[in-house]
1. Looking only at residues that are open to solvent by less than 10 Å² (accessible area, probe 1.4 Å) and at pLDDT 95 or above in segment 364-390, which one is farthest from residue 303 (Cα to Cα)?
2. Looking at (1) open to solvent by 40 Å² or more (accessible area, probe 1.4 Å); (2) modelled with pLDDT of 95 or more; (3) closer than 15 Å to residue 434 by Cα, find the lone condition where residue 510 falls short.
3. Among the strands (runs of 3 or more DSSP E) contained in segment 109-180, which hold 3 or more residues that are at pLDDT below 95?
4. Are any of the residues in segment 337-344 touching a helix residue (DSSP H, G or I) at 6+ places or on another chain (Cβ under 7 Å), touching a residue at least 12 places away in the same chain (Cβ under 8 Å), within 26 Å of residue 260 (Cα to Cα) and assigned to a loop (DSSP other than H, G, I, E, B)?
5. Looking at 65, 70 in this structure, which one is crowded, with 20+ Cβ neighbours inside 10 Å, assigned to a strand (DSSP E or B), modelled with pLDDT of 80 or more and not small (Gly, Ala, Ser)?
6. Can you tell me which condition residue 244 does not meet? The list is (1) more than 16 Å from ligand 4 (Cβ to nearest atom); (2) more than 14 Å from residue 355 (Cβ to Cβ), and all the others hold.
7. For segment 129-141, what are the residues that are under 22 Å from residue 281 (Cβ atoms) and not small (Gly, Ala, Ser)?
8. Report, by residue number, each residue of segment 257-289 that is within 17 Å of residue 240 (Cα to Cα), of a type outside the set (Gly, Ala, Ser), open to solvent by 20 Å² or more (accessible area, probe 1.4 Å) and assigned to a loop (DSSP other than H, G, I, E, B).
Amino acid sequence: MRRRVASALSVLALGAAFSLFSTPAEGAAPAQAYRVRGLEPGQELLLDRAGAVITDVDEGAVYVQARPDQAAKLRKQGLKVDDMSAATLAATFGPVDPGYTDYSETKAEVSRLVGLYPTLASQQVIGKSYEGKDIVALKISDNVGVDESEPEMLFTANQHAREHLTVEMALYLANMLLNDYGSDPAITKIVDNREIWIVPMVNPDGAQYDVDSGDYLMWRKNRQPNSGSTEIGTDLNRNWGYKWGCCAGSSGVKSKDTYRGSAAFSAKETQVIRDFVLSRRVGGTQQITEHLDIHTYSQLVLWPFGYTTSTVVGPMTADAYAALRAIGTEMADLNGYWPGQASGLYIADGIINDWMWADQKIFSFTFEMYPKRSDLFEQFYPPASVIPAQTSRNRQALIRLAQYADCPYRSVSKENTYCPVADDYTLTVPGATYVVAQGGTVSTTIAATKTTGANQLVSLTATGAPAGMTPIFGLGSIPTDGSAQAISFSTAATTTPGEYTIVVRGEGTAGTVRTAPVTVMVTGSAACQGSNATDVAIPDDGTAVTSSLTIAGCGSLASPMANAAARLEVHIAHTNIGDLQLRLVGPGGAVLIHDRDGADMNNIDKIYTLDLSSQVADGTWSLEATDLESGATGKIDSWTLTLK
Ligand code: 0X9
Ligand code: CA
Ligand code: CA
Ligand code: ZN
């Protein structure tokens, strides 16, 4: 129950925002916001008795509304109570950092790029904000003046006013595509074969309002008045028209930061983006295949749905979900964020990703950028000095996303089903897990089978094999006649044991590229592997707990180990992995595995590839878990360590 309070309210810093500016109950004596720290589990009663009203729980702190005399009472009881009144905070957040790009500078930057690269970039005002500011879309493609038949992508940033770093992300993307065109082959290919739309500032009224006074105001919503109320603004990311207001994932109260608006698409800005997206249909076919909505903060990659924790439901098919998860996870591997379905964080309804998929079948993601955790006053307002590192870290993830835009289903090897071409074939390996001992070879067959058009000769390559494993094709090129051809995987004695997905890629003489995944399990010496499946409870806000195993007789490995690549499979059940730190402690020292990643999400089921070059193999190995904040518990379920 306690956890439910935390999970319902401690939503990123959105949670903190509730506490900072929520209004005291009608008729109450002047109450204001305080942050309370040092509460032991169960001590919430103290708050109750003092008459303080909890508005949020976040990062081990509880946020309350209380009168100054009530706050004094709490201080007497030994709690740390900080004044969080709007006046105090205005002084703390501000002044506005001039290193960020504001509304007029954003327009200037877009114009500069269009002026510099007239054949690659164009801009259009796709609509006006409530206050009449321009909502600008930058288009980037070769032959930019022509609407070519190329897969289109949409990037949106700054739905939430105070998330200024997202504008920098959008402008980084634009600069990356334009500045590196012609010199970086991956970028050149993307610009030549995609039409990319970037809307760097979806909510210019809110963004400008947040900085206008010279001090940051922690503003989230747009600036559209609400009838019958003095409270301003709608949360644009609760105003989209799929499952709008369905599921307690938004507020009907106009003063709230997650106010969903009077109706779906009641906000001017969501209408503008919606109408732009609808305008990208040609002959009934939506041209935009992928969309990324950029937010701060928590360092996450999220995919639909946000309104429900169900995965495959309504218009979401199993294949589409698998592709969203595959692409999202690949991006997270590249940028170091944590991947997950949006609702894993908390339920939110009326979000942009849900509409994009449900209404337009656009593969839609959210990035939550830096910082990972709320360092309270830095949460939305880190210094501009972080911009270069925190935008460029997404370079490879953005490139990967763009590479999938012609057929997102390629991420799960389903191109032939969903993206058939005139000359097409399937590439198949009999589905199974192929088991091979280290140093051995395992064989199977591969077949290319024409499904339509011309016969082709298909040349084969493979990716995803671990060090020491070599895929061997009986024939370098195979015909599309369906005949079974030999394929084998030879491993070295040093290949790290584990289960690998090797993707075999075929390129036909007509240019058709198709892939087939092969699961290969490499087994090693039992002496170099250990498992522990005994549950170990992880206490809330407590000390480190460990689960141990012993490796013995794994060769006489002096430090450094002969082969440093180890595989660590971890299964942890936990209600808030953003509270957790995990270390692998070996005979030669400790390695940090998980450092409060994943915000408010649940559970870790992950395979880590570790460099253990400073380690020795034989001895006791422990997985050490520490829950660093109050409000969440769990257990080490099982883990397996494989060396060599
Ligand atoms: O709440 C939001 O709109 C996003 N987070 S933020 O802190 N930037 O406001 C997250 C939206 C993702 N969807 C769900 N969590 N369901
Ligand atoms: Ca083009
Ligand atoms: Ca087009
Ligand atoms: Zn946001």
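1. Of everything passing the filter in segment 364-390, 369 is farthest from residue 303 (Cα to Cα).
2. (3)
3. Numbers: elements: 121-128, 134-140, 152-157.
Where strands (runs of 3 or more DSSP E) fall fully within segment 109-180, none carries at least 3 residues being at pLDDT below 95.
4. No, there is no match, as no residue in segment 337-344 is touching a helix residue (DSSP H, G or I) at 6+ places or on another chain (Cβ under 7 Å), touching a residue at least 12 places away in the same chain (Cβ under 8 Å), within 26 Å of residue 260 (Cα to Cα) and assigned to a loop (DSSP other than H, G, I, E, B).
5. Working: 70 fails: assigned to a strand (DSSP E or B).
Answer to the selection: 65.
6. Every listed condition holds for residue 244 apart from (2).
7. The initial filter retains those residues of segment 129-141 that are under 22 Å from residue 281 (Cβ atoms), namely 135-141.
Those that are under 22 Å from residue 281 (Cβ atoms) and not small (Gly, Ala, Ser): 135, 136, 138, 139, 140.
8. Result: 257, 260, 265.
The values are calculated or read from the model by the stated rules, or taken from the named source; none is laboratory data. Worth saying up front: this structure is predicted, and the values here are computed from it rather than measured. Virtual Cβ from ideal backbone geometry, glycine too; neighbours counted across all protein chains shown. Keep in mind that these areas ignore ligands, DNA and RNA; they rest on the heavy atoms of the full protein, side chains included. Shrake-Rupley method; radii C 1.70, N 1.55, O 1.52, S 1.80 Å.
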